[in-house]
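Undergrad: Here you go, one structure.
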Amino acid sequence: MKCPRCSHTGIITDAESFDGNELVWSILRCDMCCFSWRSSEESIPQIFALRPNAFKIAPEQIGSLPIVLPCPHYHKRS
Ligand SMILES: [Zn+2]
C-alpha cells in the first residue's frame, strides 16, 4: 500500500473499527506527509490518480513547504 498523495509506502494504521470480530474499516495515515484516509474510501486512490501532478507531493519537497499558519485562538462565549 502507498500514500495516494506522496506515494510513500510507510502507512500507519491509526484506528480500526470492528463489527464483532470483523474489521469494517481502518484509519490509515502516511508517516511521510501525514495524509490520512479511511480504508473504506476506496475511491481515494482513483481520485488522486486523476488529479494533475501539481497536486501531488514529493517526499523531498515536504521540508521546504511553506508553514501553515496556526488557527487563531477563539474565546468561548460565556
Ligand atoms: Zn504521503
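The values are calculated or read from the model by the stated rules, or taken from the named source; none is laboratory data. Predicted model, so just to flag it, every value in this text is computed and none were measured. Cβ sites come from the backbone with ideal geometry, for glycine too, and all protein chains shown count toward neighbours.
Undergrad: Would you mention how many residues in region 41-61 are modelled with pLDDT of 85 or more, part of a helix (DSSP H, G or I) and aliphatic (A, V, I, L, M)?
TA: Total meeting the criteria: 1.
Undergrad: Next up: Do we find that residue 44 is near the ligand (Cβ under 10 Å from one of its atoms) and among the β-branched types (Val, Ile, Thr) in this structure?
TA: On the way: near the ligand (Cβ under 10 Å from one of its atoms): no; among the β-branched types (Val, Ile, Thr): yes.
Taking the combined requirement at face value, the residue does not satisfy it.
Undergrad: How many residues are of a type in the set (Asp, Glu) and surrounded by 10 or more Cβ atoms within 10 Å (Cβ to Cβ) if we restrict to region 43-78?
TA: Pass one, region 43-78, residues of a type in the set (Asp, Glu): 60.
Filter once more, keeping what is surrounded by 10 or more Cβ atoms within 10 Å (Cβ to Cβ): none.
Going through region 43-78 one residue at a time, the tally reaches 0.
Conditions (1) in contact (Cβ under 8 Å) with a residue 12 or more places away in the chain; (2) of a type in the set (S, T, N, Q); (3) in contact with a Phe, Trp or Tyr (Cβ under 7 Å, 6 or more places away or on another chain), marked per residue:
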{"site": "8", "(1), (2), (3)": "yes, no, no"}
{"site": "12", "(1), (2), (3)": "yes, no, no"}
{"site": "20", "(1), (2), (3)": "no, no, no"}
{"site": "35", "(1), (2), (3)": "yes, no, no"}
{"site": "38", "(1), (2), (3)": "yes, no, yes"}
{"site": "59", "(1), (2), (3)": "yes, no, no"}
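Undergrad: When residues of region 13-39 are filtered for being out of contact with any strand residue (DSSP E or B) (no Cβ under 8 Å at 6 or more places or on another chain) and either assigned to a loop (DSSP other than H, G, I, E, B) or within 16 Å of the ligand (Cβ to nearest atom) (or both), how many remain? Walk me through how you get there before you give the answer.
TA: Taking region 13-39 as the starting set, the residues that turn out to be out of contact with any strand residue (DSSP E or B) (no Cβ under 8 Å at 6 or more places or on another chain) are 19-22, 32-34.
If we keep only those that are either assigned to a loop (DSSP other than H, G, I, E, B) or within 16 Å of the ligand (Cβ to nearest atom) (or both) as well, we get 20-21, 32-34.
Counting residues in region 13-39 that are out of contact with any strand residue (DSSP E or B) (no Cβ under 8 Å at 6 or more places or on another chain) and either assigned to a loop (DSSP other than H, G, I, E, B) or within 16 Å of the ligand (Cβ to nearest atom) (or both) gives 5.
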